[in-house]
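J.: Below is the structure I would like to discuss, written out as structure tokens.
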Amino acid sequence: MSNITTAPFTYESLSQLTMKEGVLELQVGPAHAGSGHMRILVWVEGDTVVKVDPDIGFVHRGVEKLSEDRLYVKAIPIVERPNLVDTVNANLGYIIALEKLLGLEAPPRAQYIRVITAEISRIISHLYGIAIYGIFMGSSTVFMWALADREPFIDIMEELTGARLTYSHIIPGGVRWDLPKDFGERLEVALKYLEGRVSDYEKIWMNNPVVRARAEGVGILSGAKATELGVVGPNLRASGVKCDVRKCAPYSVYSDFDFDVPTFKEGDSYARLLIRVEEIKQSISILRQALKNIPEGKIIYEDYYKRMTPLMKSIYDEKGRVKFTSLLTSLSPPKGQSFSRVEGGRGEIFFYLISDGTKNPYRFRVVTPSFRNLPYFTHVMPGHKLADVPVIYGSIDYFPPEADRR
Amino acid sequence: MSILYFIPAQWLPLIESGFYALIFPGFVTILLLAFFIIWFERKAAARVQMRYGPLWVSRKTGGLIQLLADMIRFSFQEFIVPEGVDFLPFIFLPGFLLAFAVLPTIFIPIGPDYARIFPSSYTLLLASAFTLVIPIYLIVVGWAADNKFSFIGALREGYLLISYEVPYLLVIASAFLLYRTLDLVKIVNIQAASVPGIILNPVAAIVYLLVVIRSTGRVPYDIVEADSELIFGPYTEYSSLMFGFVMGVPYIELYGYSLLFATLFLGGWIPLTGAGFVGGLIIPGIVTFVKAVLVMCLLVFLRAVYPRYKLDKAIKTGWTWVLYLAFVSLLISAFVSYLI
């Protein structure tokens, strides 16, 4: 703890640093090709970064307070919004916390469908991360490839839910739509395609000498320090800490699946790139197991099904669609509090709900993984060259709207 | 012949040199080539990246005149001169950049009859000297723009310029050592008598191409303009048509370097040869031109494969491996020159 500078940000410390001879203050962002929706204040002495201060909050919208004004079900689309490329995991985390409050559990088929969509979402999120890493390092090819390779999965999700990014598919007590008939075959085609593409990425990106020259040994964070700073997700695992909420505190039906938690001991930018590729491979394996073992049965909590009108029931039986009963739309959980932890694409998402017995949450709290990965800016970037700033930024898969809880 | 009949004989050299400088391979060709090469870069990268690239401006030609549409759009944008810039350098330096990017092409012969238009036996020296003027203006632009990112871009240009200029001059020296002349026409004639220079001294050709990628800021050496770090390097403050100019300058620079490469290492107008303005300059010139364009296409295609290299590593590479290779090319030149 002693070797970490945790001095709070003060105006005086800034001005002293700016006054120092030979130190240049750079305002990277908010309108800069390498910043995203944020401003990074970078102080450079020569070509060496001496201090970095991420100035976040540019896209803060207040998901927590917005949700507290709404019915529990109507908060689902808002909860999804902060992280547009990994919506299912945010949705799942909120619903798990809500179901704990309500004291119910979704039927197994619904749980399997949740896992399938969550893993598809994780693949989409990791591909997006690789794409952003590519464009930050100046390779438009990897940017275009990774963004385009999300497309088969987005199409599958569109067929399932009708939306491309914000699915709102998971509801208290189950999911909204059952899997279409040819879902398994279509997903298998997409998975085969992705497996082929991963080897292409290895050729042009992971084994590219320029990539290795720029990413290897850059932005090293040791496992002990990573734990101390509280970073989460693939970045933590790239530092050699085997921590995955799916394994260490299993939720939904993840305990039924056989998968590895890949770790790398290097903890540099290159390891943070490789870990995402390895996790994509694990997600492919989980998806195959889920498709093989998915049980038959209801996709909605039994009690909610019973309260449906005959017309709703006939729609459910014919099309596998859950219509919202009045009970579902106006949930009022008993007094109490609950929390949930889920492993999102960028790391652990934490949800905390307090109910006062009314139809709106009394308090809703979400801690997003990107916010917890902020120490990479303040603690890892200083000491590197200016050209390493986008490399480290890209490697941690930081998503400003998620950190700001847009 | 019938048109030339009416022109006084003493005007002919003037018209010929004017044609050389303004039409082919000079100004007009360069502008048309800039259209082609930027289109090719976008289209080739798009093919690798699973997308269409320029398409909707002139659908029949596959978006070939996209750059024209871009230029029209640029010309209707406001040209912003920020407070605090050094006004005159800021306004005029893009023009100088453009001019000095075009100038080297005048000293590079594209046909055997070139000596009649520009009698000089130091064309290699002149052409390479004029290619080296541009970075100085780039550094001045970076300082004049009064922007921190421009300033850092100019500093980067300065560092890289010094680290890659030494190998460049060594390669020029090894070419001189190899052919024992500074006259590019004679250099091509020597290659016609033996084999093209790329076989005589492949190491020199490799170092030359590396230096060209560096000087013209092609990927992976787009360190000076690195967009995720420095927005647009020294040109960050330019907007509207001025932005279009400075964006085009590297491609024109690349053309000069590629012509020189075609003459030094690819045998220029071999296998064609002839005499007179048309037979000795224009028709062999097309061969040289095509060789140069192929080199350009190769270099701009690198964008689809590599990400950006890092400044300190690029400087280190320049002072170590590229420099060593340049010395090796000197030795090879001395050896081969002894043989032929």
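Nothing in this text is a laboratory measurement; each read-out follows from the coordinates by a stated rule. As the structure is a prediction and not an experimental result, all values here were calculated from the model. Glycine gets a Cβ as well: all are built from the backbone with ideal geometry, and neighbour counts include every protein chain shown.
J.: Identify the single condition in (1) aliphatic (A, V, I, L, M); (2) within 14 Å of chain B (Cβ to nearest Cβ); (3) buried (at least 22 other Cβ atoms within 10 Å of the Cβ) that residue A:144 does not satisfy, given that it satisfies every other one.
T.: Just one mismatch for residue A:144, condition (3).
J.: Let me ask another. Which one of the conditions (1) surrounded by fewer than 21 Cβ atoms within 10 Å (Cβ to Cβ); (2) within 30 Å of residue B:221 (Cα to Cα) does residue A:208 fail to meet, given that it meets all the rest?
T.: All conditions pass for residue A:208, except number (1).
J.: Can you run down the residue pairs with Cβ atoms below 7 Å, 6 or more apart or on separate chains, where the first is in the range A:375-395 and more than 8 Å from chain B (Cβ to nearest Cβ) and the partner is surrounded by fewer than 24 Cβ atoms within 10 Å (Cβ to Cβ) and of a type in the set (Lys, Arg)?
T.: Hits for this filter: A:382/A:51.
J.: Next up: When only residues in the range B:143-186 that are among the basic types (Lys, Arg) and in a helix (DSSP H, G or I) count, which is farthest from the other protein chains (Cβ to nearest Cβ)?
T.: Initially, the range B:143-186 is screened for residues among the basic types (Lys, Arg), giving B:148, B:156, B:180, B:186.
With in a helix (DSSP H, G or I) added as a condition, the list becomes B:148, B:156, B:186.
Details: B:148: 6, B:156: 9, B:186: 39 Å.
Step by step, filter the range B:143-186, then rank; the result is B:186.
J.: Continuing with the same structure: Output yes when any residue across the range B:264-279 is hydroxyl-bearing (Ser, Thr, Tyr) and buried (at least 19 other Cβ atoms within 10 Å of the Cβ), and no when none is.
T.: Pass one, the range B:264-279, residues hydroxyl-bearing (Ser, Thr, Tyr): B:273.
Applying the additional criterion that residues be buried (at least 19 other Cβ atoms within 10 Å of the Cβ) yields none.
Looking for residues that are hydroxyl-bearing (Ser, Thr, Tyr) and buried (at least 19 other Cβ atoms within 10 Å of the Cβ), one finds none in the range B:264-279, hence no.
J.: Tally up the residues in the range A:56-80 that are crowded, with 16+ Cβ neighbours inside 10 Å and under 25 Å from residue A:390 (Cα atoms), please.
T.: Final tally of qualifying residues: 3.
J.: Give me a count of the residues in the range B:121-142 that are crowded, with 18+ Cβ neighbours inside 10 Å and under 17 Å from residue B:88 (Cβ atoms).
T.: Count: 6.
J.: Can you list the helices (runs of 4 or more DSSP H) lying wholly within the range B:1-114 that have 1 or more residues being polar (S, T, N, Q)?
T.: Qualifying helices (runs of 4 or more DSSP H): B:12-22, B:27-48, B:66-75.
J.: Could you pull out every one of the helices (runs of 4 or more DSSP H) wholly within the range B:194-237 that has 3 or more residues that are out of contact with any strand residue (DSSP E or B) (no Cβ under 7 Å at 6 or more places or on another chain) and hydrophobic (A, V, I, L, M, F, W, C)?
T.: On the way: elements: B:197-200, B:202-215, B:227-230.
Here the list reads B:197-200, B:202-215.
J.: Now for a separate question. Pull up the range B:123-136, narrow it to residues that are among the hydroxyl-bearing types (Ser, Thr, Tyr) and farther than 13 Å from residue B:173 by Cα, then point me to the one that is farthest from the chain's Cα centre (by Cα).
T.: Residues of the range B:123-136 among the hydroxyl-bearing types (Ser, Thr, Tyr): B:123, B:128, B:131.
Those left that are additionally farther than 13 Å from residue B:173 by Cα: B:123, B:131.
On the way: B:123: 16, B:131: 8 Å.
By that ranking, first place goes to B:123.
J.: Answer yes if at least one residue in the range A:62-73 is touching a residue at least 40 places away in the same chain (Cβ under 8 Å), more than 14 Å from chain B (Cβ to nearest Cβ), more than 22 Å from residue A:331 (Cα to Cα) and assigned to a loop (DSSP other than H, G, I, E, B), and no otherwise.
T.: Quick first cut of the range A:62-73, residues touching a residue at least 40 places away in the same chain (Cβ under 8 Å) only: A:62-64, A:67-73.
Now restrict to residues that are more than 14 Å from chain B (Cβ to nearest Cβ): A:62-64, A:67-73.
Now narrow it down to the ones that are more than 22 Å from residue A:331 (Cα to Cα): A:62.
Still in the running and assigned to a loop (DSSP other than H, G, I, E, B): A:62.
Within the range A:62-73, one or more residues are touching a residue at least 40 places away in the same chain (Cβ under 8 Å), more than 14 Å from chain B (Cβ to nearest Cβ), more than 22 Å from residue A:331 (Cα to Cα) and assigned to a loop (DSSP other than H, G, I, E, B).
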